[in-house]
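Please treat every number below as a calculation from the coordinates, not as lab data. Since we're looking at a predicted model, the values are computed, not measured. Reconstructed Cβ throughout: ideal geometry from the backbone, glycine too, with neighbour counts over all protein chains shown.
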Amino acid sequence: MIDAPLVCWIVVNSVPYHEARVKAAVEARRLRLSLIQITEVDSFRVLQTSTDCEYFNRYTLFPGVAWDEIDGRAMARKLELELDKLRPSVVCINGWSFGGAVAALKWAASHGVPVIVMSESTAHDAPRHWWAEQVKRRILASCSAALVGGEPHRQYLKELGVAEEAIFTGYDAVDNEHFRKGSSRARQHGSDLRAALGLPERYFFACSRFTKKKNLIGLMQGYARYRRLHGDAAWKLVVAGDGELKGDLLRAREEMELLGSVEFVGAKSYTELPAYYGLASCFVHASTTEQWGLVVNEAMAAGLPVLVSNRCGCARDLVEEGRNGYLFDPHDPASLAGAMYTIAAERSDQAAMGAASGEIVSRWSPENFAENLALAAEKALRVRAPRPGLVDRGLLQMLAAR
């Protein structure tokens, strides 16, 4: 292990899915992996993790300081000093414009260290402008390999000029075993736990931050249509989460006359979530735009059928229509209502669909992440670090403190 290359992964702040991935990579023993986080503070408190970790080294640049309070130039300086101290063989950056990514790329370029870009972006998850795409092309030309979510993400990087043989998939993984085991325990104590948590017998489950792109108003509109189709036999809708739109959602629930049918249970911690998945009948994710959608991984690991917006980056790789769930148009409430009606119908084999979810998501495991990260690191070390020209060095200098 001493001779294994040291890989430094830079993130804004680490959350449970980062830790599951790093743990798997360390246990694979093909590389040494350290995590540099800009801060340990997460704006969504239920995702915040302890700074103690027995599995790997984690370095925090601005302890106790929220991300939006950190000066960009100070962040770049501290990050460069930390990299000077650690002297990694490979640097991993999340994306190409945020969370110290460009500052780390600038450091790597000046020290001849290869970079792996980790990306969840697709060609369609946000408006694209030709000039911004040209900037991305130049930034990506300074990277030696890429680790991405799935096929749409691979295709987008190819369009931006990254060589196909340098792109590896499997970036988007959660601790599948945490959700599989936790949901199984919940089912074993089904009636008692259901009563303790105040959960209905049959329900669709949604879990997200309460932000505009999560489309929770659209989710309720589709659910209201489903209730009209299914009548008294309709399942309830349980929503976990919190955020800036909570007041709007509560008002919308009342206006849609869904007070007895839609339950908001608050934000749930990593340890609490498996029970809510385990007692649910189906998971639904209605985002109008989503780079991936890790809650879909969680639900599938918990053995649930899934209804997923076709605007989610994970849709193509994780949803096999009719086998483990259905896709729907998040801008069309009738599309969602139809999917809900179909999966809740008596003829629907929900147990078989849940089992299929577990099988499909097993391909997106922390172990698969570890394997493909090691392959990406080997590729990056073979091709070595590109030498940015004068224009690219100036671009990195200009963007590094953003």
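Quick notes on this one:
- Annotation: extensible slack from His129 through Ser362 equals 80.3 nm (criterion: 0.36 nm per residue apart, minus Cα-Cα distance).
- Amide H contacts of Tyr59: Leu35, Ile36, Gln37, each under 5 Å away and 5 or more positions distant or on a separate chain (H built 1.01 Å from N in the peptide plane; Pro and chain starts excluded).
- Correct option for semi-axes √(5λ) of the Cα gyration tensor in Å [calculated from the coordinates] among [x] 33, 23, 19; [y] 35, 28, 17; [z] 39, 21, 20: [z]
- Amide H within-cut-off set for Leu160, under 5 Å, with H built and near neighbours excluded: none
- Distance from the alpha carbon centroid of the range 365-379 to that of the range 142-219 works out to 19 angstrom.
- With Cα atoms, 0 to 90° folded angle of helix 216-230 axis to the chain main axis: 30
- Phi angles across the range 328-336 convert, under the Karplus curve 6.51 cos²θ - 1.76 cosθ + 1.60 with θ = phi - 60°, into 3J(HN,Hα) values of 8, 7, x, 8, 10, x, 5, 5, 5 Hz, Gly and Pro given as x.
- Helix-only CD estimate at 222 nm, as mean residue ellipticity for the chain, using -39500 (n - 2.57) per DSSP H run (n ≥ 4): -13000 deg cm²/dmol
- Interchain or long-range residues, amide H under 5 Å from Val65's placed H: Glu40, Val41
- 0 to 90° range, to nearest 10: angle between helix 72-86 axis and the chain longest Cα axis: 70
- Of Cys314, Gly218, Val262, farthest towards positive along the dipole that unit charges on Lys, Arg, Asp, Glu beta carbons give the range 176-361: Val262
- Helix 101-111 axis, angle to the chain major axis (alpha carbon atoms, nearest 10°): 30
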